[in-house]
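Just so it is clear, none of the values below were taken in a lab; they were calculated from the coordinates. Remember, predicted model here, so these are calculated numbers, not experimental data. Neighbour counts are summed over all protein chains in view; Cβ atoms, including those assigned to glycine, are modelled from backbone coordinates with ideal geometry.
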């Protein structure tokens, strides 16, 4: 109950972060001037057409990736799991890299574009992992299948990088590291499917709590484990597939953020899932702001920042907690 009272604190922190990121950039914008109508036309254009959709997309994708990590960790009962474990991120990267390097815009795939190809790739790999899990009926088989497909997809991305030209290699690398540089209102409208999936995952909190006790215990409580896995994997694939298709891969957030919530609150998924959504949105929003400010007017890919900051911090948490990372 005490952490229910802290959700408003995270909401306030999110609103303050949003206000700061809307103001900070290569062009400083005073929100007061916008509200009072004293801002010039250039500032209004930058605010409404560039900065606001970018901030909203960072919030939505950050929340979605963090929630996906939380539910995947709960489903596999593995504190080191993240959305990449089911292959959705690497599958999306593979198809996007293939589209760019093989020059498929003149074929039937041209209608999909890079983002559409990434989304299809993420869903396809997730479907293959889910099918293997259904046939074997065990979590370990699904886990191993995800690791295998993830390795294959990464090898495929490496192959396309080797075959690419210098310009294509730069595009593949920058896209795979994640960036909100291309955010627009059409992307934000597409990303609105992520909050819907988050709400559906929050409704699975009690089932995920039961699964952490073990499959047999969950079965005795009347939970259909197979169908639960299908729902979780599909919703996670949709969240991460849409996010990767719009912004590229945002590394480490899905792994670190759920742990931060668990280590500071509880392992109850009714707390972990919404807490991860709020905290993930804040961290990704701040990381994006730092990425476009550190070497302005150039931008640093957000995946580099999240990995550089998240990796050492996660190691610090492991050393400090000494085995308290269990789900």
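For the pair residue 290 and residue 31 in one chain, pulling the backbone fully straight at 0.36 nm per residue adds 91.3 nm over the alpha carbon distance. For the chain, set up a Gaussian network in which alpha carbons nearer than 10 Å are linked by springs, and say which option among 57, 305, 11 fluctuates the most. Per the Cα network of the chain with a 10 Å cutoff, 11 tops the list.
Orientation-averaged projection of the range 4-321 equals 17.7 nm² [convex hull of Cα atoms, one quarter of hull surface area].
As a proxy for reagent exposure, 49, 28, 299 were ordered by neighbouring Cβ count within 10 angstrom, fewest first; the result is 28, 49, 299. If you wrap the tightest convex hull around every Cα atom of the range 184-327 and split its volume per residue, you get 112 Å³. Computed extension length for residue 11-residue 224: 73.2 nm, one decimal, from 0.36 nm per residue of separation with the Cα-Cα distance subtracted. Working from label points 7 Å from Cα in the Cα-to-Cβ sense, the residue 189 to residue 135 distance is 4.1 nm.
Neighbour counts of C-beta atoms inside 10 Å place 20, 15, 100 in the sequence 15, 20, 100, starting with the fewest. Compactness check for the range 1-68: Cα Rg over 2.2 N^0.38 Å is 1.35.
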